[in-house]
């Protein structure tokens, strides 16, 4: 408040007396040097306010300056009171703002501390085994379980709780082939990571395929969404083909969706002829024994060469089952002949698993 007083003292003094300087062209000698020095010292704070007022009073008494009428004095007093009131109001508002800022700072600090306490005392949420009744999705005797989708590998393979699951009877393009990205993105869209998956292992192919479980996979994107059959869904998009050569070897070959997308036609094509009993029972005759002319050759175990599929003459790749993908073999850019049971030659240019 001391600085405020210093600022207003000369204003008050001038306002009270409504000072007017007489004879603007008067000589500077009219104002004594000690008055000038007093004013200078007062501005610097070297003399008191009382001493400065005394100097002004002396100039009035000696007609160096003249005071105007009381009317101007009252007007100046009113202005001064108005200034004081405005200043006081600003001081009150400033104090209120300080309190508001302090309260906001306190609230922010409390919120930050609450967040810090939460993250320090709360363990990260872990993905737990979903509480889902899988009985209605389990058809056979092999493994059947519910879990969380942890990775989308490609259009026909996902990971559930870290376990690699291949969609039974389904095949999508390999990496680098046309349709690979579209198939993978479709699965990512309808069954993203974090979804609940219900896995029913193929009873007839429990040996799996290179570490992957062959299964029918149902997926529930959220608790508010319906459960969908991923095997059927990817086939329905046209981004995948059904493995008709495995229809008779899969538990799911007789399911409606498998029949609709190709297993029905495949089974009709290769259906075994029905047995027709003979009209009369044949007479049984005991066969006559004829000794062999020489000892029969000893049986030899099946060689590795006999397990090489002829569709791949330059490399040795076993015929199905199981169905193999390019990612499951080490060979690249090898010769492929039809019928190419593993579909390594997606573009049918005679070269398999092109890099």
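Since every read-out is calculated from the coordinates, none of them should be taken as a lab result. If you're wondering where the values come from, they're calculated on a predicted model, not measured in any experiment. Cβ coordinates were reconstructed from backbone atoms using ideal geometry, including for glycine residues, and neighbour counts include every protein chain displayed.
Taking square-rooted eigenvalues a ≥ b ≥ c of the alpha carbon gyration tensor, is segment 305-355 rounded, prolate or oblate, where a/c under 1.5 means rounded and, failing that, a/b exceeding b/c means prolate? Kindly include the intermediate steps, with their values, before the conclusion.
Working: a/c = 1.42, a/b = 1.28, b/c = 1.11.
Rounded shape, in that the Cα axes give a/c under 1.5.
Give me 50, 89 ranked fewest to most by other Cβ atoms within 10 Å of their Cβ, as a rough exposure proxy.
Ranked by crowding around the Cβ, least crowded first: 50, 89.
With a 10 Å Cβ neighbour count serving as the proxy for reagent exposure, in which order, fewest first, do 260, 59 appear?
In order of increasing Cβ crowding within 10 Å: 260, 59.
What is the gain in length, in nm to one decimal, between residue 254 and residue 150 on full extension, counting 0.36 nm per residue of separation less the C-alpha to C-alpha distance?
Taking residue 254 through residue 150 to full extension adds about 34.5 nm, to one decimal.
Which order do 144, 353, 316 fall in if you start with the one that has the fewest other Cβ atoms within 10 Å?
In increasing order of surrounding Cβ atoms, one gets 316, 144, 353.
Using only the Cα atoms of segment 128-210, build the gyration tensor, take square roots of its eigenvalues as a ≥ b ≥ c, and label the shape rounded, prolate or oblate: rounded if a/c is under 1.5, else prolate if a/b is larger than b/c, else oblate. It would help to have the intermediate numbers written out before the result.
Values: a/c = 2.30, a/b = 1.39, b/c = 1.66.
Oblate.
Quick one: compute the contact order of segment 137-268, relative version, from alpha carbon pairs under 8 angstrom and 6+ residues apart, as a percent.
Relative contact order comes out at 26 percent.
Shape verdict for segment 178-248, please, from the Cα gyration tensor: rounded (a/c under 1.5), prolate (a/b greater than b/c) or oblate.
Working: a/c = 1.87, a/b = 1.25, b/c = 1.49.
It comes out oblate by the Cα gyration axes.
State, as an integer percentage, the relative contact order of segment 305-355 based on alpha-carbon contacts under 8 Å between residues 6 or more apart.
About 34 percent, as a whole number.
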